[in-house]
């Protein structure tokens with residue numbers, strides 16, 4: 001237990017050091033995984049542990065500094081330009097849609113004859129949740145409405161109503 005507490009304190013200190021460094025950088029700044037680990041004084045830190053620290057730093061940068069660290073495959077991280085945030089977020093939604101579809105396939109492959117009533121209801125509820133999340137995510141990834149000020153507007157409530165009304169039409173035909 002004491003080892004975990006010490007490790008958590010170290011992670012927190014490393015994350016704080018890295019956050020203070022990155023918040024002062026300009027958009028477009030890139031840094032390799034090796035440089036990131038070296039910057040916190042841990043050149044041999046396991047990659048998975050470094051990812052945890054970077055994730056914490058990235059969350060703080062997003063919340064406090066309106067900055068986002070994008071992964072550069074095989075290299076490290078980059079602070080993206082504000083104009084790139086929309087595209088990066090859209091890629092995240094597309095990734096979520098794929099994950100929801102996979103969750104749906106897992107649910108669909110369930111042998112319900114082996115389940116009790118409670119487990120069957122749980123599977124049915126999960127199937128509805130994943131399908132709903134998939135539909136909403138898919139629609140949000142496709143739809144962009146730009147108002148007169150040039151702002152992107154998402155009308156999620158009307159999208160959800162339309163999605164469910166469209167879904168209902170398919171069931172009737």
Those helices (runs of 4 or more DSSP H) lying entirely in segment 1-115 with at least 3 residues in contact with a helix residue (DSSP H, G or I) (Cβ under 9 Å, 6 or more places away or on another chain), over 30 Å from residue 128 (Cβ atoms) and not assigned by TED's automatic domain parsing to the domain that holds residue 127: 2-22, 33-39, 47-60
Failed condition for residue 39, given (1) out of contact with any strand residue (DSSP E or B) (no Cβ under 8 Å at 6 or more places or on another chain); (2) surrounded by 15 or more Cβ atoms within 10 Å (Cβ to Cβ); (3) over 30 Å from residue 138 (Cα atoms); (4) free of Cβ contacts under 8 Å to residues at least 40 places away in the same chain: (1)
Matching residues in segment 54-93 - criterion: being surrounded by 15 or more Cβ atoms within 10 Å (Cβ to Cβ) and in contact (Cβ under 8 Å) with a residue 40 or more places away in the chain: 56, 57, 60, 61, 67, 69, 76, 77, 78, 79, 80, 93
Enumeration of residues in segment 102-153 that are at pLDDT 85 or above and under 30 Å from residue 85 (Cβ atoms): 102
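The values are calculated or read from the model by the stated rules, or taken from the named source; none is laboratory data. No experiment lies behind these values; they were computed from the predicted model shown. Because the Cβ atoms are built from the backbone with ideal geometry, glycine has one as well, and the counts that use them run over all protein chains shown.
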